[in-house]
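A short worksheet on the structure shown next.
The values are calculated or read from the model by the stated rules, or taken from the named source; none is laboratory data. Source: prediction; values computed, not measured. Ideal geometry is used to build each Cβ from the backbone, glycine not excepted, and the neighbour counts take in all protein chains shown. To get the accessible areas, we keep the full protein, side chains included, count just its heavy atoms, and leave off ligands, DNA and RNA. Shrake-Rupley method; radii C 1.70, N 1.55, O 1.52, S 1.80 Å.
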Amino acid sequence: MDMQNNQNQPSMGQMDMDHSKMQMDHGSMDGSMMMGGHMMHMGNLKRRFWISLLLSLPILLLSPFMGIVLPFQTSFPGSEWVVLIFATLLFFYGGQPFFAGAKGELRAHEPAMMTLITMGISVAYLYSLYSFVMKQFVNPQGHYMNFFWELASLIVIMLLGHWIEMNSVMNAGNALQKMAALLPDEAQVVDSAGQVQTIKLSDLKDGQIVLVQAGAKIPTDGVVIAGESSVNESLVTGEAKAVEKKTTDQVIGGSINGDGTLRVKVTATGENGYLAQVIKLVQQAQQEKSKAETMAALVARWLFYAALVIGILALVVWTLIAGFSYGLERMVTVLVIACPHALGLAIPLVVARSTSIAAQNGLLIRNRESLEAVRQLDYVFMDKTGTLSQGVFQVNQVVANQKLKQTELLKKFASLEANSSHPLATGILREVQNQELSYQPANHVQTIQGVGLQGEIGNETYQIVNAKYLDQHQIAYQRDQFKQLAAAGNSISYLIKNHQVLGLVAQGDVLRPEATQLIKTLQTMHITPVMLTGDNELTAQRVAKQLGGIAYQSQLLPDDKEQIVKSYQQQGHHVMMVGDGINDAPSLTRADIGVAIGAGTEVAIDSADVVLVHSNPDDIVNFLNLATATNRKMVQNLWWGAGYNIIAMPLAAGVLAPIGIVLSPAIGAIIMSLSTVVVSINAFLLRLNKID
């Protein structure tokens, strides 16, 4: 994708509108969650659960439990009518999300949990209604079993399960809106008479000239036509260094101007600029990101088909043997027993427990599918700046000439940089503080646009400049030394007085102390680490070597990273992406698992499935360990939940009737309850083996 010249992009408003549509497919970005193709809001689900619970209480008190009258139950003349009224209200109100979900699943020809639940509650309600009519109006002396108790318990338990799951992974935030917010609301336009007027960003047009003051956000993509400055593009590109800009250089909307003042000719407005292209990449990735079908959905699908086939066979066979009434009762018993009480809680309880453990250990899990995706993980792609490195400048080397000590050189640098917020100044001041050196701020400090600073220390004038300034003014310095330090990924600043170099400070981004061990651990887990960075080739090569010679790709734009992730996925690989910047947002969204560093941008965090709250790379391994343990519990619970159905359905159908064994609804209900208890206890036994 051409990041600079795409004239057919939607407006920011259209992007926001498209994004809200996308949420219907992608999942919980605003406290909402997909339930089988139906969007359910957290507040609606919570309210529906509590109302359904109240509606179910009279049913649970007045209706027998699969033919068994429990000790706390009672009845009175007309109590059957009370049960019917409350069951009808509960069926249509509490069951509505499942009906909508089943409709979506069947429309997609993928019956799963919603279809299985809908089948269970529909059969329970309709057969119970049939039993009520027969007993009240047709044959009062006959024996007709109803399943109103099972109807109520299934609806309430399923709503509870979905509430638990939604609550455990609910998140807030909108990555696309926060991307758009990176651009200022207004721009200062210079007209043909040289007058400056402020207009709305939406009114800005190609070819206009905008004035960008020192420290201001650049409102749009464009070309510098006057002025020099250093521009911080790290939020947009991920590049740690401040980038020097002069006439004819391109600038990116959303980046932050440094100390100089720039005049920029607009080449791409907010609708078709670089940032808008990144937004579109995130949209496309959200729409196209392939969600692996969850284990619970697969199990529920097979249970649905199994229950349907076994139930129909039971109806046909027992109708031939004992008549339609008995055959119908057998079929209904099979279908009601297939109701996934335990299965409906099996996964939500594990997810709730897992996300709780994760939160206690600095992991925010925003998408439950990320836990299951770990099972097939092949590659972990990692952004360099802010993920493997600290994303801040650190003084790597101080070189003073023979007339000056290193500490004196540093103090003079600090004096000139005392009131600057430039990233290089911050690094120098931090080093001086670490060495506990004292200094006095310089006087009459002025910015040398695109170069550095000038000020007075004592009664003498000093300047901080770059190598380009030295070349332009023919000031002697050691070029071989400069090339060596620059090749190691450093930014070099020189201190001069009277056109003589007094010394230099070399600063560079440094690796996180945990990064090397992270790489080794991933490799022992048979997962291949790959570094993706917007930094130059020399810097990327140096960092990759420090990390043990891992694979890397450098000088990448956001669409490059996203395309790399996509290409690996198309080859059948499962990919995790770890990043912290806006430039990582499309690849975080595209990856099977997107992991954001907690200290990164809000845009990256809102694009991710998992957030490392403490910004510690070790937590990547902790997440992988937790996900592995979670998957193990999920499988165990699915066997407990589905295993009951696998055994109970054939017995309820009467497959062992020739030897006198037929599973009664009462026994089936007891086993079902025990299965629910087992999956609940098993979920709370989940633990995390955290690395030190």
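Spatial offset of region 503-534 relative to region 406-483 amounts to 30 Å, using the alpha carbon center of each.
If you find the alpha carbon centre of region 62-110 and of region 188-212, how far apart are they in angstrom? Centre-to-centre (Cα) distance: 65 Å.
Dipole size of region 70-171 about its Cα centre, with +1 on Lys/Arg Cβ and -1 on Asp/Glu Cβ: approximately 180 debye, rounded to the nearest 20. Approximating the spin labels as points 7 Å out from Cα along Cα→Cβ, the V133-to-Q73 distance works out to 2.3 nm. Checking the table K384/K411; K245/K412; K246/K468; K245/K468; K520/K545; K405/K497 against a 21 Å threshold on Cα-Cα, which pairs fail? Exceeds cut-off: K384/K411; K245/K412.
Shape analysis of region 465-622 yields a ratio of the Cα radius of gyration to the Kirkwood radius, Rg/Rh, of 1.08.
So if R0 is 22 Å, what FRET efficiency would K545 and V392 give, r being the distance between their Cβ atoms, rounded to the nearest 0.05?
That gives a FRET efficiency of 0.55.
Sequentially through region 503-520, phi angles give Karplus couplings (6.51, -1.76, 1.60; θ = phi - 60°) of x, 9, 10, 9, 10, x, 5, 10, 5, 5, x, 8, 4, 4, 5, 4, 4, 4 Hz, Gly and Pro residues having no value and appearing as x. Annotation: per residue accessible area for region 378-429 equals 41 Å², rounded to a whole number [probe 1.4 Å, protein chains only].
Please give the FRET efficiency for E110 paired with E186, using the beta carbon to beta carbon distance and R0 = 51 Å, rounded to the nearest 0.05. Efficiency at R0 = 51 Å is approximately 0.55. For Y494, the accessible area of its heavy atoms, probed at 1.4 Å with every protein chain present, is near 0 square angstrom. Computed on protein heavy atoms with a 1.4 Å probe, the accessible areas place W639, W149 in the order W639, W149, largest first.
Ranking K405, K468, K412 from most to least accessible surface, computed with a 1.4 Å probe over the protein chains only, gives K405, K468, K412. How high is the FRET efficiency from Q96 to W302, r the C-beta distance, R0 25 Å, rounded to 0.05? According to the calculation, E is roughly 0.45. Summing +1 for each Lys or Arg and -1 for each Asp or Glu among the other residues whose beta-carbon sits under 12 angstrom from that of S415 gives -2.
To the nearest 10, the accessible area of H422 is 30 Å² with a 1.4 Å probe. Heavy-atom accessible surface of V264, to the nearest 10 Å², is about 0 Å², with a 1.4 Å probe and all protein chains retained.
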